[in-house]
Amino acid sequence: MSEDIELPSTLVSRRDGKPVQAPAEQDVVRVLVADEHKLVRELLRHVLSAEDDFQVVDEAAGLEPLPEVAARVRPDIVLFDIDAPHHAPVEVVHRLRRAAPNAVLAVLSGHDDIELIKSMMRSGVRCYLHKEISCQDLVAALRGAVDAEGKVTLTVPRETFVEAEDRFAVPLSRREREVLALVAAAMSNRQIAVRLSVTEGTVKRHLRNIFHKLGAVSRIDAVNKFNKLVSGANSRLFPDHFIEVKSS
(Lines give C-alpha, C1' and ligand atoms only; values in the text may rest on other atoms or scores of the structure.)
Protein backbone atom coordinates (compact mmCIF):
# COMPACT_ATOMS: atom_id res chain seq x y z
CA MET A 1 0.00 0.00 0.00
CA SER A 2 1.39 3.41 -0.99
CA GLU A 3 2.25 5.86 1.75
CA ASP A 4 0.08 8.96 1.89
CA ILE A 5 2.00 12.16 1.26
CA GLU A 6 0.67 15.40 2.72
CA LEU A 7 1.18 18.30 0.34
CA PRO A 8 2.00 21.78 1.60
CA SER A 9 -0.99 24.08 1.91
CA THR A 10 0.31 26.23 -0.94
CA LEU A 11 0.02 23.31 -3.39
CA VAL A 12 -3.04 21.83 -5.05
CA SER A 13 -3.43 18.75 -7.26
CA ARG A 14 -4.30 18.85 -10.92
CA ARG A 15 -6.43 16.13 -12.50
CA ASP A 16 -3.27 14.29 -13.55
CA GLY A 17 -2.21 14.14 -9.90
CA LYS A 18 0.71 16.55 -10.23
CA PRO A 19 0.88 19.37 -7.70
CA VAL A 20 0.76 22.99 -8.81
CA GLN A 21 1.21 26.23 -6.87
CA ALA A 22 -2.08 27.66 -5.61
CA PRO A 23 -2.62 31.40 -6.02
CA ALA A 24 -1.75 33.26 -2.83
CA GLU A 25 -4.69 34.65 -0.95
CA GLN A 26 -4.85 38.42 -0.98
CA ASP A 27 -4.66 40.02 2.44
CA VAL A 28 -8.02 41.56 3.25
CA VAL A 29 -8.25 44.62 5.48
CA ARG A 30 -11.17 44.26 7.89
CA VAL A 31 -12.95 47.57 8.49
CA LEU A 32 -15.47 48.63 11.12
CA VAL A 33 -17.43 51.77 10.17
CA ALA A 34 -19.36 54.06 12.51
CA ASP A 35 -21.66 56.99 11.88
CA GLU A 36 -24.94 58.18 13.35
CA HIS A 37 -26.56 58.19 9.92
CA LYS A 38 -27.52 54.93 8.24
CA LEU A 39 -27.08 56.45 4.77
CA VAL A 40 -23.46 57.37 5.50
CA ARG A 41 -22.73 53.89 6.84
CA GLU A 42 -24.26 52.31 3.75
CA LEU A 43 -22.23 54.59 1.46
CA LEU A 44 -18.99 53.76 3.26
CA ARG A 45 -19.81 50.06 3.09
CA HIS A 46 -20.54 50.37 -0.64
CA VAL A 47 -17.30 52.23 -1.39
CA LEU A 48 -15.07 49.87 0.59
CA SER A 49 -16.79 46.65 -0.43
CA ALA A 50 -16.10 47.53 -4.06
CA GLU A 51 -12.37 47.04 -3.35
CA ASP A 52 -10.93 43.52 -3.38
CA ASP A 53 -8.67 44.19 -0.40
CA PHE A 54 -11.30 45.66 1.95
CA GLN A 55 -14.08 43.97 3.89
CA VAL A 56 -16.57 45.83 6.07
CA VAL A 57 -17.03 43.42 8.96
CA ASP A 58 -19.55 45.42 10.97
CA GLU A 59 -20.94 48.88 11.62
CA ALA A 60 -21.92 50.95 14.64
CA ALA A 61 -24.73 53.50 14.77
CA GLY A 62 -22.67 56.22 16.43
CA LEU A 63 -19.81 56.58 18.86
CA GLU A 64 -21.40 55.25 22.04
CA PRO A 65 -21.54 51.56 21.06
CA LEU A 66 -18.39 51.73 18.93
CA PRO A 67 -15.76 50.50 21.47
CA GLU A 68 -17.92 47.50 22.39
CA VAL A 69 -18.36 46.54 18.73
CA ALA A 70 -14.64 47.04 18.06
CA ALA A 71 -13.72 44.73 20.94
CA ARG A 72 -16.04 42.06 19.57
CA VAL A 73 -15.07 42.08 15.86
CA ARG A 74 -11.37 43.02 16.24
CA PRO A 75 -11.07 45.01 12.98
CA ASP A 76 -7.87 46.14 11.25
CA ILE A 77 -9.32 49.64 10.79
CA VAL A 78 -11.97 51.56 12.71
CA LEU A 79 -13.39 54.31 10.48
CA PHE A 80 -15.63 56.68 12.43
CA ASP A 81 -17.14 60.17 12.32
CA ILE A 82 -16.03 62.40 15.21
CA ASP A 83 -18.44 65.27 14.51
CA ALA A 84 -21.28 63.73 16.48
CA PRO A 85 -22.62 66.17 19.12
CA HIS A 86 -22.30 65.52 22.85
CA HIS A 87 -19.20 63.34 22.45
CA ALA A 88 -15.59 64.17 23.29
CA PRO A 89 -13.50 62.82 20.38
CA VAL A 90 -10.36 62.31 22.46
CA GLU A 91 -12.22 60.21 25.04
CA VAL A 92 -13.73 58.08 22.28
CA VAL A 93 -10.25 57.48 20.84
CA HIS A 94 -8.93 56.44 24.26
CA ARG A 95 -11.81 53.97 24.69
CA LEU A 96 -11.17 52.55 21.24
CA ARG A 97 -7.47 52.08 21.92
CA ARG A 98 -8.34 50.04 24.99
CA ALA A 99 -10.98 48.03 23.14
CA ALA A 100 -9.00 47.40 19.94
CA PRO A 101 -5.33 48.16 20.62
CA ASN A 102 -4.11 46.75 17.30
CA ALA A 103 -6.60 48.57 15.08
CA VAL A 104 -5.74 51.58 12.95
CA LEU A 105 -8.00 54.43 14.02
CA ALA A 106 -9.22 56.57 11.11
CA VAL A 107 -11.49 59.55 11.73
CA LEU A 108 -13.85 61.43 9.46
CA SER A 109 -14.44 65.11 10.24
CA GLY A 110 -15.79 68.22 8.60
CA HIS A 111 -13.34 70.34 10.62
CA ASP A 112 -9.78 71.19 9.61
CA ASP A 113 -8.80 73.00 12.81
CA ILE A 114 -5.12 72.31 13.34
CA GLU A 115 -5.46 71.94 17.10
CA LEU A 116 -8.16 69.29 16.68
CA ILE A 117 -5.95 67.43 14.21
CA LYS A 118 -2.98 67.53 16.58
CA SER A 119 -5.09 66.33 19.52
CA MET A 120 -6.29 63.38 17.43
CA MET A 121 -2.72 62.52 16.44
CA ARG A 122 -1.52 62.69 20.04
CA SER A 123 -4.41 60.46 21.14
CA GLY A 124 -3.42 57.71 18.73
CA VAL A 125 -5.36 58.39 15.52
CA ARG A 126 -3.37 57.25 12.48
CA CYS A 127 -5.62 58.66 9.75
CA TYR A 128 -7.47 61.99 9.71
CA LEU A 129 -9.87 62.37 6.77
CA HIS A 130 -11.69 65.58 5.90
CA LYS A 131 -15.24 65.03 4.65
CA GLU A 132 -14.42 66.81 1.41
CA ILE A 133 -12.36 63.74 0.49
CA SER A 134 -13.20 61.80 -2.66
CA CYS A 135 -13.96 58.07 -2.62
CA GLN A 136 -10.69 57.44 -4.44
CA ASP A 137 -8.68 59.34 -1.85
CA LEU A 138 -10.57 57.68 1.01
CA VAL A 139 -9.49 54.25 -0.19
CA ALA A 140 -5.91 55.42 -0.83
CA ALA A 141 -5.71 57.01 2.60
CA LEU A 142 -6.87 53.87 4.40
CA ARG A 143 -4.39 51.75 2.47
CA GLY A 144 -1.65 54.21 3.35
CA ALA A 145 -2.61 54.16 7.03
CA VAL A 146 -2.31 50.37 7.14
CA ASP A 147 0.98 50.19 5.27
CA ALA A 148 2.77 53.19 6.80
CA GLU A 149 3.27 52.09 10.39
CA GLY A 150 4.67 54.84 12.59
CA LYS A 151 3.26 57.60 10.38
CA VAL A 152 -0.09 59.33 10.12
CA THR A 153 -2.16 59.98 7.01
CA LEU A 154 -3.88 63.34 6.65
CA THR A 155 -6.32 64.47 3.98
CA VAL A 156 -7.20 68.09 4.69
CA PRO A 157 -7.14 71.23 2.54
CA ARG A 158 -3.57 72.34 1.85
CA GLU A 159 -4.46 75.84 3.07
CA THR A 160 -4.85 74.39 6.57
CA PHE A 161 -1.12 73.73 6.74
CA VAL A 162 -0.07 76.93 5.00
CA GLU A 163 -2.04 79.11 7.40
CA ALA A 164 -1.07 77.05 10.44
CA GLU A 165 2.63 77.04 9.58
CA ASP A 166 2.59 80.83 9.29
CA ARG A 167 0.72 81.19 12.59
CA PHE A 168 2.94 78.83 14.56
CA ALA A 169 6.21 79.93 12.97
CA VAL A 170 5.72 83.67 13.55
CA PRO A 171 4.15 84.86 16.81
CA LEU A 172 2.86 88.16 15.40
CA SER A 173 -0.73 89.28 15.06
CA ARG A 174 -2.11 90.33 11.69
CA ARG A 175 -1.87 94.02 12.61
CA GLU A 176 1.71 93.59 13.81
CA ARG A 177 2.59 91.99 10.48
CA GLU A 178 1.03 94.92 8.66
CA VAL A 179 3.08 97.34 10.73
CA LEU A 180 6.28 95.40 10.10
CA ALA A 181 5.59 95.23 6.37
CA LEU A 182 5.38 99.03 6.28
CA VAL A 183 8.55 99.25 8.36
CA ALA A 184 10.23 97.07 5.73
CA ALA A 185 9.02 99.60 3.12
CA ALA A 186 11.06 102.26 5.00
CA MET A 187 8.00 104.15 6.27
CA SER A 188 8.26 106.29 9.38
CA ASN A 189 5.96 105.85 12.37
CA ARG A 190 3.92 108.85 11.24
CA GLN A 191 3.52 107.46 7.71
CA ILE A 192 2.51 104.07 9.07
CA ALA A 193 -0.08 105.71 11.33
CA VAL A 194 -1.60 107.56 8.37
CA ARG A 195 -1.63 104.43 6.20
CA LEU A 196 -3.33 102.32 8.88
CA SER A 197 -5.60 105.13 10.18
CA VAL A 198 -4.29 104.80 13.73
CA THR A 199 -2.40 107.09 16.08
CA GLU A 200 1.38 107.30 16.11
CA GLY A 201 1.31 106.08 19.71
CA THR A 202 -0.49 102.91 18.56
CA VAL A 203 2.23 102.29 15.97
CA LYS A 204 4.90 102.64 18.65
CA ARG A 205 3.03 100.17 20.86
CA HIS A 206 2.87 97.66 18.02
CA LEU A 207 6.59 98.09 17.41
CA ARG A 208 7.41 97.47 21.07
CA ASN A 209 5.39 94.25 20.93
CA ILE A 210 7.09 93.20 17.70
CA PHE A 211 10.56 93.83 19.12
CA HIS A 212 9.69 91.84 22.25
CA LYS A 213 8.20 88.87 20.37
CA LEU A 214 11.05 88.65 17.87
CA GLY A 215 13.85 89.55 20.27
CA ALA A 216 14.82 92.42 17.95
CA VAL A 217 16.85 95.47 18.88
CA SER A 218 16.06 97.66 15.87
CA ARG A 219 13.62 98.07 13.00
CA ILE A 220 15.99 96.43 10.52
CA ASP A 221 16.72 93.60 12.99
CA ALA A 222 12.97 92.97 13.37
CA VAL A 223 12.46 92.75 9.62
CA ASN A 224 15.42 90.37 9.21
CA LYS A 225 14.31 88.10 12.04
CA PHE A 226 10.76 88.00 10.72
CA ASN A 227 11.96 86.97 7.25
CA LYS A 228 14.18 84.28 8.73
CA LEU A 229 11.29 82.81 10.73
CA VAL A 230 8.97 82.74 7.74
CA SER A 231 11.47 81.02 5.46
CA GLY A 232 12.89 78.69 8.10
CA ALA A 233 12.46 74.94 7.72
CA ASN A 234 11.51 74.62 11.38
CA SER A 235 8.01 75.91 10.67
CA ARG A 236 6.76 72.44 9.68
CA LEU A 237 4.00 71.22 11.95
CA PHE A 238 4.43 67.48 11.54
CA PRO A 239 8.08 66.89 10.51
CA ASP A 240 8.76 63.34 9.29
CA HIS A 241 5.49 62.02 10.63
CA PHE A 242 2.77 62.51 8.06
CA ILE A 243 1.72 61.40 4.64
CA GLU A 244 -0.70 63.60 2.73
CA VAL A 245 -2.89 61.77 0.25
CA LYS A 246 -4.20 63.99 -2.53
CA SER A 247 -5.69 63.09 -5.88
CA SER A 248 -3.89 64.41 -8.95
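Taking VAL78 as the residue in question, decide whether it is surrounded by 14 or more Cβ atoms within 10 Å (Cβ to Cβ), of a type in the set (A, V, I, L, M, F, W, C), touching a Phe, Trp or Tyr at 6+ places or on another chain (Cβ under 6 Å) and under 21 Å from ASP137 (Cβ atoms). It would help to see each step written out before you state the result.
Details: surrounded by 14 or more Cβ atoms within 10 Å (Cβ to Cβ): yes; of a type in the set (A, V, I, L, M, F, W, C): yes; touching a Phe, Trp or Tyr at 6+ places or on another chain (Cβ under 6 Å): no; under 21 Å from ASP137 (Cβ atoms): yes.
Criteria not met by VAL78.
Counting only residues that are within 23 Å of VAL28 (Cα to Cα) and of a type outside the set (A, V, I, L, M, F, W, C), give me the helices (runs of 4 or more DSSP H) lying completely in segment 63-155 with at least 2 of them. Walk me through it before giving the result.
On the way: elements: 66-73, 89-99, 114-123, 135-147.
Answer list for segment 63-155: 66-73, 135-147.
Name the residue that is modelled with the highest pLDDT, counting only residues in segment 156-194 that are of a type in the set (Val, Ile, Thr) and either assigned to a loop (DSSP other than H, G, I, E, B) or within 18 Å of the chain's Cα centre (by Cα) (or both). Reasoning before the result, please.
Of the residues in segment 156-194, the ones of a type in the set (Val, Ile, Thr) are 156, 160, 162, 170, 179, 183, 192, 194.
Now restrict to residues that are either assigned to a loop (DSSP other than H, G, I, E, B) or within 18 Å of the chain's Cα centre (by Cα) (or both): 156, 160, 162, 170.
Details: VAL156: 69, THR160: 55, VAL162: 50, VAL170: 59.
Among residues in segment 156-194 that are of a type in the set (Val, Ile, Thr) and either assigned to a loop (DSSP other than H, G, I, E, B) or within 18 Å of the chain's Cα centre (by Cα) (or both), the one modelled with the highest pLDDT is VAL156.
Please work out if ASP58 is in contact with a strand residue (DSSP E or B) (Cβ under 6 Å, 6 or more places away or on another chain) and under 19 Å from TYR128 (Cβ atoms).
Numbers: in contact with a strand residue (DSSP E or B) (Cβ under 6 Å, 6 or more places away or on another chain): yes; under 19 Å from TYR128 (Cβ atoms): no.
The answer is no for ASP58.
Confirm whether LEU79 is touching a residue at least 60 places away in the same chain (Cβ under 8 Å), closer than 18 Å to LEU116 by Cβ and touching a helix residue (DSSP H, G or I) at 6+ places or on another chain (Cβ under 8 Å).
So LEU79 passes the test.
The values are calculated or read from the model by the stated rules, or taken from the named source; none is laboratory data. Because the structure is a prediction, the values reported are computed rather than measured. Methodologically, a virtual Cβ is constructed for each residue, glycine included, from the backbone with ideal geometry; neighbour enumeration extends over all protein chains shown.
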